[in-house]
């Protein structure tokens with residue numbers, strides 16, 4: 001397993017702190033959802049976890065070592081990133097895109113290997129893309145494109161996957177297709193998954209561990225049933241809501257208390 005954590009991390013842009021002194025410990029082999037209102041620092045924290053941002057103070061630790069002291073290629077072999085709204089090169093096919101996930105494993109003058117091919121075909125199979133592996137990515141539906149990007153991250157063959165809003169711009173059916181896929185990858189392949197999620201219902205249903213952020217700080221962290229309380233929803237999201245049991249899964253379901261016939 002790969003352990004990822006922060007210690008007193010202050011993270012920002014141009015000297016302006018966005019995330020202030022956070023301590024985060026990502027549970028191995030579990031799904032972690034990071035939630036919070038816009039501008040609270042979710043994506044900033046995520047960028048620091050994959051070494052795209054350097055904390056101005058504090059540290060990000062990968063297996064107990066400062067992540068900025070770990071060679072770039074080695075980080076890429078342990079942590080895979082799917083950024084928000086990635087753009088594929090024009091004309092690239094699904095299989096060609098997925099094959100790019102093997103880059104961290106390539107060496108100078110080393111030819112494409114049987115292990116590389118196996119990893120790519122396994123990623124295509126896991127994401128149900130084998131039948132359209134020769135299709136051009138730009139011609140796919142939004143859900144298919146997102147699965148192609150997830151397959152690329154899978155082909156990278158890292159024990160830890162980090163995704164920034166993986167269901168953005170997808171319709172409701174494709175959102176749940178993607179979340180179901182991530183759940184299968186976690187349960188069947190024991191991949192540790194960290195994702196920024198806006199939909200609290202999806203976060204509560206699919207995540208084992210939730211980090212709720214507010215104003216650049218961690219407001220609460222723990223199991224969904226412990227984090228998603230009416231008080232926290234009010235304090236973090238400025239929303240009056242009722243927290244009920246999901247009739248399908250029994251996980252917390254956040255229901256706004258305002259609207260037609262509701263409280264104001």
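Read the figures in this text as sums done on the coordinates, not as results from a lab. Everything numeric here is computed off the predicted structure, so don't read it as measured data. Quick reminder, even Gly has a Cβ in these numbers, built from the backbone with ideal geometry, and neighbours come from all protein chains shown.
Brief remarks on what is shown
- A simple spin-label model places pseudo-atoms 7 Å from Cα toward Cβ; at residue 103 and residue 54 they are separated by 2.1 nm.
- Spin-label zone in the stretch 240-256 - amide nitrogen under 16 Å from a point set 7 Å from the Cα of residue 187 along the C-beta vector: 248-251
- Dividing the summed -39500 (n - 2.57) terms of all DSSP H runs of n ≥ 4 by the residue count of the chain sets its mean residue ellipticity at 222 nm at -9500 deg cm²/dmol.
- Length gained when the stretch residue 16-residue 136 is fully extended (0.36 nm per residue, less Cα-Cα span): 39.1 nm
- Potential lengthening between residue 3 and residue 73 on full extension [0.36 nm per residue; Cα-Cα distance subtracted]: 23.5 nm
- Principal-axis tilt of helix 142-155 within the chain, Cα atoms, nearest 10 degrees: 60 degrees
- Of all DSSP bridge pairs formed entirely within the chain, close to 60 percent run antiparallel.
- The stretch 189-247 - percent relative contact order, Cα under 8 Å, separation 6 or more: 21 percent
- Gained length - residue 92 relative to residue 244, 0.36 nm times residue gap less alpha-carbon distance: 50.2 nm
- Translational diffusion of the chain, µm² s⁻¹ [Kirkwood Rh, Cα pairs; Stokes-Einstein; 25 °C; 0.890 mPa s]: 127 µm²/s
- When each of the peptides 15-26, 110-121 is scored by the mean number of other C-beta atoms lying within 10 Å of its residues, the order from highest to lowest reads 15-26, 110-121.
- Hydrodynamic radius by Kirkwood, which averages 1/r over all alpha carbon pairs of the stretch 1-158, in angstrom: 17.2 Å
- Computed over every Cα-Cα pair of the stretch 137-208 and binned at 5 Å starting from 0, the pair-distance distribution P(r) comes out as 3, 15, 29, 28, 17, 6, 1 percent.
- Between the stretch 125-140 and the stretch 23-96, the alpha-carbon center distance in angstrom: 25 Å
- Relative contact order of the chain, pairs being alpha-carbon contacts under 8 Å that are 6 or more residues apart, as %: 23 percent
- Among 217-224, 82-89, sorting by the average number of other beta carbon atoms lying within 10 angstrom of each residue, highest first, gives 217-224, 82-89.
- The angle between the Cα long axis of helix 172-189 and the longest principal axis of the Cα atoms of the chain comes to about 70 degrees, rounded to the nearest 10.
- Contact order, relative form, for the stretch 132-264: 15 percent (alpha carbon pairs under 8 Å, 6 or more residues apart, mean separation divided by residue count).
- Pairwise Cα distances in the stretch 121-264 exceed 20 Å in 54 percent of cases.
- P(r), alpha carbons of the stretch 8-59 - 5 Å bins starting at zero, rounded %: 5, 20, 30, 26, 13, 4, 1
- Folded to 0 to 90 degrees: helix 114-126 orientation relative to the chain principal axis, Cα: 40 degrees
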